[in-house]
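Single-structure report; data block below.
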Amino acid sequence: MCSPGRWAAVVAFVCAAPSARALAADCEVSRYSPADQGRDAAVLEAGTLAANGRYADARAVYLWVLARRRDDAEALFGLARVDAWGGCWAIAEREYREVISEHPADSDVRAGYVDLLVWSGRLDEAEQVLRDGLAVDPASPGLVARAARFAFWRGDATQAVRLADEAERAAPDDGDLRAMRDRMFVGEARATVHVDDYPSGYTSLYTISTQVLERRGRFEVYGGAQLVGGPAQDGRYPLGVAYHPALGMTVGAEVAPGAPSHAIPDWSFKTWMLSPLAGRFDAFLAYSLWHYSHENELVQILNPSIGVALPRELRADVRGWISAVTVPGDQAAAGQTRVEGAAGAQLTWSATPRLDAAVTYTYGAEADTYGAGGAGAILVYQFLEYRSHLATAFVDLLLGRGGGIRPLVGVEYRMPAAITIWSFEVSAYGRW
């Protein structure tokens, strides 16, 4: 299962990142002329051109209107939006400010300006513009929707859902608003089946996991069970809490008692933090401690990660794992501590508002991702001996506001044993 901190990072990117058109950095003006020389028809045509991705043509038509009526607020607003979508943020900001100075009560203009400031990473200024707009028009669906988005980024899912519902009631035909609301929820129940298919001569493993998560204010509480089959019939029972202290930041902790065996620690502890960095970068850091009762082993794992939002609805994460296994000594042998490492990356694509796809690759000796839930398939002494190439691919399909599915396939090539292990997983989740 993904930790709440990691999941929040993916959702924050989906909600926050501008579309591909917002990063095109294309502010060219074509030679296009409006088909109809009337002002109203020209403005309408420019909007259609922009909606179809013809930004240079749309810009030309808006400038054609403004050359004849410099104070045409609707044309200037349209031009500001096209410039913002094209990545010409400094130009777009001047245009937005000019329209707002003449029409301070226009909530649509303020909403567009908020988006521009968010895309450029100026979140404090964006919130101030939003507050000023809501003071003038507290019922504006566009502004209320953006307030919902800020609440969701801040981790207050309760307020975010309330505001998003309010905006949707005011503008039920707004598809973008509905798509945003579809991503918001205060609770989730998830069930996962994971199978590790080993080659002939080895025993395959399967894991059945359940988890329930509930959000109240800036807190998240979750609990679940992971039942592992195969050589050992064991289970672990994670219980965790997360808190969102600031915009885009999450801290959390988890404890998980388990049935003592070679495959499952009899108890484990994990803490993590997710925090935004400069620009489009964020950082994730987790520390895990596992204890195995049969020989009193300890496993410690440090998991740092750096993520960045890329153009075209992409997100890249670079990850590392530093794992230390301590086996105490006895009368026959001295104790030992081994430190091993692994590194990997993940690329996530938000193909549509309801579909995410991702591929991952990891190489090294890394205990934290083997099996389902972090402990399923690995024995401590095995971890000391092998390295693996591990690749996975998954999609997350939101079927509707009430839930979705997440199928995954993975392959691991384990050395020096030279065995290939295929993994198959499917999760189904319901939300409220």
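Rule-based calculations on the coordinates, nothing more; no lab input. All values reported here derive from a predicted model rather than from experimental measurement. A quick note on method: Cβ atoms are made from the backbone with ideal geometry, for glycine too, and the neighbour counts reach across all protein chains shown.
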Matching label for the computed P(r) over Cα pairs in 20 Å bins from 0, in percent, out of (1) 26, 57, 17, 0; (2) 22, 44, 23, 8, 3, 0; (3) 23, 47, 23, 6, 0, is (3)
Given only helices, namely DSSP H runs of n ≥ 4 each adding -39500 (n - 2.57), what is the per-residue ellipticity at 222 nm of the chain, to the nearest 500 deg cm²/dmol? -9500 deg cm²/dmol
So, with points 7 Å from each Cα along the Cβ direction, the Thr210-Ala428 label distance in nm works out to 1.4
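Note the direction-averaged projected area, equal to a quarter of the hull surface, for the Cα convex hull of the stretch 186-431, in nm².
With the hull built on Cα positions only, its mean projection is 13.9 nm².
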Taking Cα atoms, how many degrees apart are the long axis of helix 157-170 and the longest axis of the chain, rounded to 10 and kept between 0 and 90? 30
Arg94 versus Thr337: modelled label distance in nm, points set 7 Å from Cα along the beta carbon direction: 6.1
Which FRET efficiency, nearest 0.05, do Val359 and Asp174 yield, Cβ-Cβ r, R0 41 Å? 0.80
What is the extension gain from Ser101 to Val308, computed as 0.36 nm multiplied by their sequence separation minus the C-alpha to C-alpha distance, in nm to one decimal? 71.0 nm
If you place +1 on the Cβ of every Lys and Arg, -1 on the Cβ of every Asp and Glu, and leave all else neutral, what size is the dipole of the stretch 186-431 about its Cα centre, to the nearest 20 Debye? 880
On a C-alpha basis, how far is the centre of the stretch 193-207 from the centre of the stretch 52-101 in Å? Whole number, if you could? 59
In the stretch 91-112, which residues have a backbone nitrogen under 13 Å from the label point lying 7 Å from Arg70's Cα in the Cα-to-Cβ direction? none
What FRET efficiency would be calculated for the residue pair Ala191, Ala278, taking the C-beta separation as r and a Förster radius of 45 Å, to the nearest 0.05? 0.70
Radius 11 Å from Cβ of Trp89, net charge of other residues (Lys, Arg +1; Asp, Glu -1): -2
Everything considered on the Cα gyration tensor (a ≥ b ≥ c; rounded for a/c under 1.5, else prolate if a/b is larger than b/c, else oblate), the stretch 155-204 must be described as prolate
How tilted is helix 141-153 with respect to the longest principal axis of the chain? Cα atoms for both, answer in degrees (0 to 90, nearest 10). 20
Between Asp40 and Leu289, how many nm apart are label points set 7 Å from Cα along the C-beta direction? 7.2
Can you give the extra length, in nm with one decimal, that the chain gains between Gln128 and Leu63 once fully stretched, where that is 0.36 nm per residue apart less the Cα-Cα distance? 20.4 nm
Taking R0 as 56 Å, what FRET efficiency do you get between Ala135 and Leu298 from their Cβ-Cβ distance, rounded to the nearest 0.05? 0.50
